Amino acid sequence: MSEQRLVGKTATVTGRVGPGTVGEVSVHVRGGTETYFARPADGAEVIEKGQQVLIVSAAPARTLYVTAIGVF
Amino acid sequence: MNLAASSVIIVPAAVVVGVIIVVILLFKAMWRVAEPNEALIISGLRDKGIAKDSSGDEMGFRIVTGKGTLVVPGVQAVRRLSLDLHQADLQVDCVTHQGIPVHVSGTVIFKIGDDPGSITNAARRFLDQQDKMDQRVHNVFAGHLRSIVGSMTVEDMIRDREQLTARTREASGSEMTKLGLIIDSLQIQEIDDPTGYIKNLAMPHTAAVASAARIAQADADREATEREQQANALKAEAQRNAAIKEAGFQAEVDKANAEAAQAGPLAQASARQNVVEQETRTAQLEAAKQQQVLVATVIRPAEAKRDADIATAQAASRVAELTAEGQAKRTTLEAEAKATATRATGLAEADATKARGMAEGEAIEARGLAEAKTIKARAEALATNPEAVAMQSLAEHWPDVVREAAGAFAHVKNFTVLDGAAGVNRALMEVASTGMASFEFLRGLFVPKGVAADAPPPPMPQAASPADLTLVSPATSDNGSTEH
C-alpha cells in the first residue's frame with residue numbers, strides 16, 4: 001500500500017544495485033528517510049552507490065524497482 | 001420560595017456537570033494515542049478503518065501510527081508494538097572463504113520497519129514476544145553471519161566494508177522482510193584468529209617495517225659513526241696543525257734565541273772584520289807608498305838614464321845618418337854637376353856650330369837683301385825711328401834679362417865649382433852667352449835684319465860681347481860664389 005506511493009519518486013543508491021545482488025536505496029518518506037531494497041527495473045542495469053534513481057515500481061515487503069536517472 | 005427556586009436551578013446544573021464529567025471520562029477511556037516510536041494494533045469490531053493490503057484482502061486488524069484513535073473498550077483490543085531500535089550481539093565460530101577458522105564477534109542493529117507491511121509481519125510474529133525478539137534475531141542472524149563470513153576472505157572482512165553490507169543484505173534481506181525487520185547496521189567488532197592468519201598476514205609488512213627500521217637505525221648509526229670519525233679526524237688534524245704551528249713557533253723562538261746568543265760574537269766578529277779591513281787598507285797604502293818611493297828612487301832614475309842613453313844613441317844614429325846622407329847628396333850633386341857640365345859643353349858646341357852656320361847663311365842672305373832694302377829702310381828710318389826707341393828700351397832692360405838668366409843659379413845652395421876660378425868663369429860665360437843668345441833672338445824679333453845691320457848699334461851689343469863679360473862678372477859672381 002505505502003510502497004505504491006513511492007512510485008515516481010527519486011531515491012539515492014546507498015548499496016550497489018545490479019542483477020544477482022540486493023541493492024539499497026534511501027527514500028524520503030513520511031518526513032524521514034527510509035531504506036528499501038532495490039533491484040534494477042530492467043533486470044540488467046548496474047547502478048553504483050551515490051547515484052540518483054527513479055522508482056519505477058514497488059513490490060510489497062520493501063522492495064523497489066529502480067532505474068538510473070540520466071545526467072540532468 | 002427562594003430556597004425552592006435555587007434548588008430547582010442547582011439540581012439540573014449538577015446533573016449537567018455530572019454528565020459532562022462522565023462523557024469526558026468515557027472519552028478518556030476510549031481514546032488511545034500512538035506515540036512516534038510505537039504502533040497501535042487494534043483488533044475486533046470490524047469497521048471501515050480496518051486496513052486492507054494492496055490486493056484488497058482485509059488484514060483483520062487496524063494499525064495506527066503517529067495519531068490517536070477511538071477504541072471501544074470491551075469490544076476492541078489495543079496492543080502497542082514498539083518500533084524502537086534493537087541490538088543483538090553475535091558470537092560466531094565460522095570458516096572464511098579460504099577455509100580459515102575464525103571466531104567473529106559482531107553486532108547487528110535492527111528495528112521493525114515503519115511501513116504497514118513490516119508492522120503487520122512483525123505484529124503477527126512478535127506481538128507477545130517483543131522482549132524475546134533479540135534472542136530470535138540473534139539465532140537467525142548467527143546463521144546469516146556464518147554464511148556471510150564463509151563467502152568472504154579475511155582481508156575483505158577487514159577492509160571491504162561495502163562488500164560486507166552488500167553480503168548482509170543479500171543473505172538476510174528476504175528473511176528479515178518476512179520478520180518485518182530492517183537491518184540498520186551490521187558491525188564485525190572482532191575477528192579472533194586462532195591460526196594466526198592475520199598475524200602472519202601482517203608479518204611481511206611487519207618484517208619489512210622492522211627491516212626498514214633496522215636499516216634506518218643502522219644507517220643512522222653508520223652516519224653517526226662516520227660523522228664521529230670525521231669529527232675525530234678533524235680533531236686530530238687540528239691537533240696536528242696546532243702541534244706543527246707550535247713547533248714552528250718554538251723553532252722561531254729558538255732561532256731568535258740562538259741569534260740573540262750569537263749577536264755578541266757576531267758583533268765582535270764584525271768589529272774585528274772592520275778592524276782587519278782597515279788594517280788591510282793601511283797595509284795597502286803602505287805598500288803603495290813603498291812602491292811610489294821605489295818608483296821615485298829607482299825606476300825614474302833608471303828611466304831617465306835609459307831615455308838619455310836612447311837620446312844619445314839616437315843622436316849618434318842621426319849624426320851617422322846625416323853624414324851618410326850628406327855624403328850621398330854630395331856624390332849625387334857632383335855627378336849631376338858633371339853631367340850638367342858635360343851636357344852644357346855639348347850644347348854649347350852644338351849651338352856654336354849652329355850659330356856659325358846660321359850666321360854664314362844669314363850673312364849671305366843679309367848681304368843680298370841689304371842692298372834691296374837699303375833705300376827703303378833708309379827712307380823709313382829718316383821718317384821715323386821706332387827701332388831706335390825699341391832698342392833703347394831693350395838696352396835699358398838688359399840687366400834684368402841677365403839677372404833672370406842668372407836666377408837659374410839662385411836656388412842652388414851649394415854651388416861647387418870643381419875647376420876652381422876657371423870653372424867659375426866658364427859657368428858665367430855660359431850664362432852670359434845664354435843671355436846673349438836671348439838678346440840676339442829678341443833683337444831679331446823687333447829689328448829687321450837689314451835695318452839692324454845698317455842702323456847705328458844700340459849700346460847693348462857691347463854689353464853682350466864676350467869681351468865685356470869680364471866686366472860684368474864681379475856683379476854676378478856675388479850670387480854664384482856664395483858657397484864657395
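Read the figures in this text as sums done on the coordinates, not as results from a lab. Keep in mind that what you see is a predicted model, and the values were worked out from it rather than measured. Virtual Cβ from ideal backbone geometry, glycine too; neighbours counted across all protein chains shown.
Couple of notes before you dig in:
- Reachable lysines, given that their alpha-carbon falls under 20 Å from the alpha-carbon of B:LYS245 and they are not under 8 places away in the same chain: B:LYS235, B:LYS255
- Rounded to whole Hz, the Karplus (6.51, -1.76, 1.60) HN-Hα couplings of region B:145-150, x for glycine and proline: 5, 4, 5, 5, 5, x
- Hits among lysines - C-alpha to C-alpha of B:LYS338 under 23 Å, sequence gap 8 or more where chains match: B:LYS329, B:LYS413
- When only alpha carbons are used to place a centre, region B:199-222 and region B:308-359 end up 149 Å from one another.
- Prolate/oblate/rounded label for region B:174-246 (Cα gyration tensor, a/c 1.5): prolate
- Summarising the strand pairing of region A:27-72, around 70 percent of its internal DSSP beta bridges are antiparallel.
- Computed magnitude of the charge dipole of region B:86-235 (debye, nearest 20; Cβ of K, R +1, Cβ of D, E -1): 200 debye
- Prolate/oblate/rounded call for region B:126-263, Cα gyration tensor, a/c under 1.5 rounded: prolate
- Cβ-to-Cβ counts within 10 Å put B:PHE61, B:PHE27 in ascending order as B:PHE27, B:PHE61, the fewest first.
- Annotation: lysines with alpha-carbon distance below 27 angstrom to B:LYS199 (same-chain offsets under eight excluded): none found.
- Label point distance in nm, B:ILE21-A:ARG5, each placed 7 Å from Cα along Cα→Cβ: 4.3 nm
- With neighbour counts taken as other beta-carbon atoms within 10 Å, the residues B:MET30, B:MET176, B:MET436, B:MET358 rank, fewest first, as B:MET358, B:MET30, B:MET436, B:MET176.
- Radius 15 Å from Cβ of A:ALA41, net charge of other residues (Lys, Arg +1; Asp, Glu -1): -1
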